[in-house]
1. Do you know which residues across the stretch 101-125 are in contact (Cβ under 8 Å) with a residue 40 or more places away in the chain, under 18 Å from residue 87 (Cα atoms) and surrounded by fewer than 19 Cβ atoms within 10 Å (Cβ to Cβ)?
2. Applying the selection to the stretch 119-132, what residues are within 13 Å of the chain's Cα centre (by Cα) and either outside any loop (DSSP other than H, G, I, E, B) or farther than 23 Å from residue 53 by Cα (or both)?
3. For the stretch 63-104, how many residues are touching a strand residue (DSSP E or B) at 6+ places or on another chain (Cβ under 6 Å), modelled with pLDDT under 95 and not in a helix (DSSP H, G or I)?
4. Taking the stretch 126-136 as the region of interest, how many residues are free of Cβ contacts under 8 Å to residues at least 12 places away in the same chain and under 17 Å from residue 85 (Cα atoms)?
5. Which one of the conditions (1) at pLDDT 90 or above; (2) over 17 Å from the mean Cα position of the chain (by Cα) does residue 135 fail to meet, given that it meets all the rest?
């Protein structure tokens, strides 16, 4: 009987812990910041911050425009700004090419239901920790620091 209770308790503990970790990761994996500026100015300021930091602006486009070409209409504006720093990307990819699907880094600028302009991005520091190695060093260090600096363009006056 004691062994059965022990195993049942162990299983329940493992299930609870796994659920807790998953909920925590979901809550922390995407970072959301409220911009101090309107939609178009937020997009422009972020693009300028990316270029000013010496990064490549891989792509910048409003998703709504792409959707409308397929006769799908999304009411709130959503704009993706894709950015890359070739030296950082090369350092990560030389050790771990499978993470290429996570590149380039992306800022999403969007309006919420109340019209506020928000910027979301992947938590590169956390992602780096999850993968370890060069991902932890580059994504969790240099990239996270650079992205924070770029975000100041829309979070500060």
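1. 104
2. If the condition is that a residue be within 13 Å of the chain's Cα centre (by Cα) and either outside any loop (DSSP other than H, G, I, E, B) or farther than 23 Å from residue 53 by Cα (or both), then 119, 120, 121, 122, 124, 125, 126, 127, 128 are the ones that fit.
3. Total meeting the criteria: 3.
4. Count: 1.
5. (2)
The values are calculated or read from the model by the stated rules, or taken from the named source; none is laboratory data. Nothing here was measured: the structure is a model prediction, and the numbers come from that model. FYI the Cβ positions are ideal-geometry reconstructions off the backbone, even for glycines, and counts take in every protein chain you see.
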